[in-house]
Ligand code: SAH
């Protein structure tokens, strides 16, 4: 149930569901998603569902991860990427294969500790994790070619807009009752926003949880 064949079936399904960036599909076909989920649920890792990962959070479904990653990549190489909401680190691991360097921020300390160990075990080395409130971004490492938020907000945090590089793009869920995926692109004229399909994410919350 956790074999390469199961993973390839997931990729095949994503393709029929409209994901057409073959680079993203190939990366998702190579990452052992079941290792990001507690053992009791690992057999469901490749189903197209979000699953609980402790502390009331969820790992995003394969389709969401694929869709957000293809929107962020827009068919080109990624340099520096900032992720807000590390969670179990699956999206982080996907990005790590597609970007030169990934900075990822998580507000729940114990969740991040577990993820840090998991990414080390998988020998993923181009990821820098930080325990903090992601709404403030990561000024020391800015600007970013891509920013991805994996929790929903009603307004885009201004710090994140500032930390987006010229020519960069940001992919995130926006809304409250009704949420949509949004893409913001930055160019010399300013920012343009595109609103896409309806989605369902856990909320972005302020502050940090230590234990
Ligand atoms: N990509 C993750 C998604 C986890 S759910 C995965 O697939 O596992 C969203 C995550 O965002 C949660 O772990 C939650 O704790 C985190 N989060 C919410 N608000 C945050 C904030 N202000 N700063 C950093 N992380 C935040």
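Bear in mind these aren't lab numbers, they're just calculated from the coordinates by the rules spelled out. Because the structure is predicted, anything quoted here is derived from the model rather than measured. All Cβ positions, even for glycine, are placed from backbone atoms using ideal geometry, and neighbour counts span all protein chains on display.
Sorted from largest down, give the three principal axis spans of the alpha carbons of the stretch 104-211, whole angstrom values.
41, 32, 24
How far apart, in nm, are two points set 7 Å out from the Cα along the Cα-to-Cβ line at residue 121 and at residue 75?
According to this spin-label approximation, the distance is 3.9 nm.
Report the normalised scattering of the stretch 54-119 as log10 I(q)/I(0) at q = 0.24, 0.26, 0.27, 0.28 Å⁻¹, calculated by the Debye formula with identical scatterers on the alpha carbons.
-1.08, -1.22, -1.28, -1.34
Quick one: 86, 58, fewest Cβ neighbours within 10 Å first, how do they rank?
58, 86
Taking Cα pairs under 8 Å and at least six residues apart, what relative contact order does the stretch 4-199 come out at, in percent?
Relative contact order, the stretch 4-199: 15 percent.
Using the count of nearby Cβ atoms within 10 Å as a rough guide to exposure, how do 116, 186 rank from fewest to most? Please list the in-between numbers first.
Numbers: 116 16, 186 19.
Least to most surrounded, the residues fall as 116, 186.
As a test of the formula, what do you get for the chain when each DSSP H run with n ≥ 4 contributes -39,500 (n - 2.57) and the sum is divided by the residue count, at 222 nm and rounded to the nearest 500 deg cm²/dmol?
-8000 deg cm²/dmol
Report relative contact order for the stretch 117-195 in percent, whole number only (criteria: Cα-Cα under 8 Å, sequence separation at least 6).
22 percent
Given points 7 Å out from each Cα along the Cα-Cβ axis, report the residue 12 to residue 165 separation in nanometres with one decimal.
Roughly 3.8 nm, to one decimal.
Convert 25 °C to kelvin, take the viscosity as 0.890 mPa s, use the Kirkwood radius over C-alpha pairs of the stretch 4-199 as Rh, and evaluate the Stokes-Einstein diffusion coefficient in µm²/s, rounded to a whole number.
Values: Rh = 16.8 Å.
Roughly 146 µm²/s, to the nearest whole number.
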